[in-house]
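For reference, the structure is listed below as structure tokens.
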Amino acid sequence: MTNRKSIGFLSFGHWTSSPQSGTRSAADALTQSIELAIAAEELGADGAYFRVHHFARQLGSPFPLLAAVGARTSRIEIGTAVIDMRYENPFYMAEDAGSADLISGGRLQLGISRGSPEQVIDGYRYFGYVPPEGMTDADMARRHTEVFLELLKGEGFAKPNPRPMFPNPPGLLRLEPFSEGLRQRIWWGSSTNATAQWAAKLGMHLQSSTLKIDESGKPFHVQQAEQIRLYRDAWKEAGHAGTPRVSVSRSIFAIVSDRDRMYFGHDESEDQIGLLSATERAIFGRSYAAEPDKLIEQLKGDEAIAEADTLLLTVPNQLGVDYNAHVIEAMLKHVAPGMGWR
């Protein structure tokens, strides 16, 4: 039996005016993101995912990009990993997400979370969001998420104007455009065991990245695999129908050319420990770079990759569309079959 995995890419969309960069402007980052999604679809990849960071020379406004990718592709899943919900108006977001999903024909896989360390101090305050008394910014993100999920049910909640500009359907009104099924394609980016279990209770899929709060001192991939198992147990306990999806992201490079060797041939990597704040100790997962046979053996030892059904390859987008398409193709052609993923 094959252990087929959904394999996609995850781009942060970095751009810099440096002459060494192949992505020198925001316009470059956006158009190259669309081009890479098209190329990935043609190569047989399953997903095109984008990271969202505000106040950074990266991809900060996801929905125009998601809609554009949806209009230019036909099969590939299109997603985020992740949108920081501290910054989001759930009502406006529900309209934007509904529009992007309809344009793509229902291919949106929307990853959201409480956010990560920021470029600025409390950046969400500039967007008009201040946690109420007794609530942390993380609490506020989860509250925005709960409202967003409720809106995606498509149930009417707003009292109609008795003298509207246009005729209304009967009853209370919902936000439009509404995309049926999008509620079942929302993912939560979790860095702790507790928030993974919270996401399962709310019926969201799980995204776990290359960073996790260090909760046991064990190797990163072991802690991440334990988190995934706790998440699946919580999903079952909540009584949800269907099987939840779980993604992990990794930096993985199959060295199959001299150019690969130049970029990544000396990339010996191991887990790293760092502090996200004065009280949060985080563990960062290693990168993988080796010839395909050696890479396959290394990946077989990664417990979290084995547990997940979806693998997102973090790509060095500033090396250009052609090179990143090569990175994806090398993984699909030289590594995935040896892992039983294809």
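Read-outs throughout are calculated quantities, based only on the coordinates presented, and are distinct from any laboratory measurement. All of these numbers come straight from a predicted model, not from anything done at the bench. Glycine gets a Cβ as well: all are built from the backbone with ideal geometry, and neighbour counts include every protein chain shown.
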statement: Restricted to the chain, the DSSP antiparallel beta bridge percent, nearest 5, is 20
message: Using a Cα-Cα cut-off of under 12 Å, which aspartates and glutamates could be cross-linked to Lys201, ignoring same-chain neighbours fewer than 8 residues away?
response: Glu146, Asp233, Glu237
- line: Label model pair Ser18, Glu270: point-to-point distance (7 angstrom along the Cα→beta-carbon line) in nm is 2.7
query: Loop-only check: which chymotrypsin sites (Phe, Trp or Tyr not before Pro) in the range 122-161 are DSSP coil with at most 15 other Cβ within 10 angstrom?
result: Phe157
- prompt: For the chain, modelled as a GNM with alpha-carbon contacts under 10 angstrom, which of Arg142, Arg183, Arg259 fluctuates the most?
  reply: Arg259
field: Full-stretch length increase - Phe127, Gln298 - with 0.36 nm per residue and alpha-carbon distance subtracted
entry: 57.2 nm
query: When Lys and Arg each count +1 and Asp and Glu each count -1, what net charge do the other residues less than 12 Å away from Tyr124, Cβ to Cβ, add up to?
result: -2
- request: Within the range 1-68, list the trypsin sites (Lys or Arg not before Pro) lying in a DSSP loop whose Cβ has at most 13 other Cβ atoms in a 10 Å radius.
  value: Arg4
query: Over the range 177-272, how many percent of alpha carbon pairs lie in each 10 Å bin up to the one with the longest distance?
result: 15, 36, 25, 17, 7, 0
- line: FRET efficiency for Arg4 and Glu42 from the Cβ-Cβ distance with R0 = 22 Å, rounded to 0.05, comes out at 0.70
field: Label-to-label distance, nm, for residues given as Met262 and Ala306 (7 Å Cα→Cβ offset)
entry: 3.8
- request: Could you give me the percent of Cα pairs per 5 Å distance bin for the range 119-237, shortest bin first, beginning at zero and ending with the bin that holds the maximum distance?
  value: 2, 9, 15, 14, 15, 16, 12, 7, 4, 3, 2, 1, 0
statement: antiparallel share of DSSP beta bridges within the range 188-342, to nearest 5, in %, is 35
- prompt: With axes computed from alpha carbons, what is the tilt in degrees of helix 62-72 against the longest principal axis of the chain, rounded to the nearest 10 within 0 to 90?
  reply: 70
- request: Express in nm, to one decimal, how much length is gained between Glu180 and Ala138 on full extension, taking 0.36 nm for each residue of separation and deducting their alpha carbon distance.
  value: 12.3 nm
field: Helix 26-43 axis, angle to the chain major axis (alpha carbon atoms, nearest 10°)
entry: 70
field: Most fluctuating residue given options Ala254, Ala194, Ala306, as computed from a GNM of the chain linking Cα atoms under 10 Å
entry: Ala194
message: Can you give me the angle between helix 321-330 and the longest principal axis of the chain, using Cα atoms only, in degrees from 0 to 90, rounded to the nearest 10?
response: 70
field: Local electrostatic count at Tyr231 - Lys and Arg +1, Asp and Glu -1, tallied over other residues with Cβ under 15 Å
entry: -1
message: Between Arg163, Arg286, Arg72, where does the largest GNM mean-square fluctuation fall for the chain, given springs only between Cα atoms within less than 10 Å?
response: Arg163
- line: Between the residues Phe12, Gly156, Ala81, the Cα farthest towards the positive end of the dipole of the chain, that dipole coming from +1 and -1 charges on the beta-carbon of Lys, Arg, Asp and Glu, is from Gly156
message: I'd like the Kirkwood hydrodynamic radius of the chain, using the inverse of the mean 1/r over distinct C-alpha pairs, in Å.
response: 21.0
query: Once a ≥ b ≥ c are taken as the square roots of the eigenvalues of the Cα gyration tensor of the range 63-107, is the result rounded (a/c under 1.5), prolate (a/b larger than b/c) or oblate (a/b not larger than b/c)?
result: prolate
task: Enter the mean projected area of the convex hull around the alpha-carbon atoms of the range 37-182, in nm², rounded to one decimal.
output: 10.8
query: Can you give the Kirkwood hydrodynamic radius for the range 92-142, in Å, rounded to one decimal and based on Cα pairs?
result: 13.1
message: Less than 14 Å Cβ to Cβ from Asn317, Lys/Arg counted +1 and Asp/Glu -1: what total charge do the surrounding residues give?
response: 0
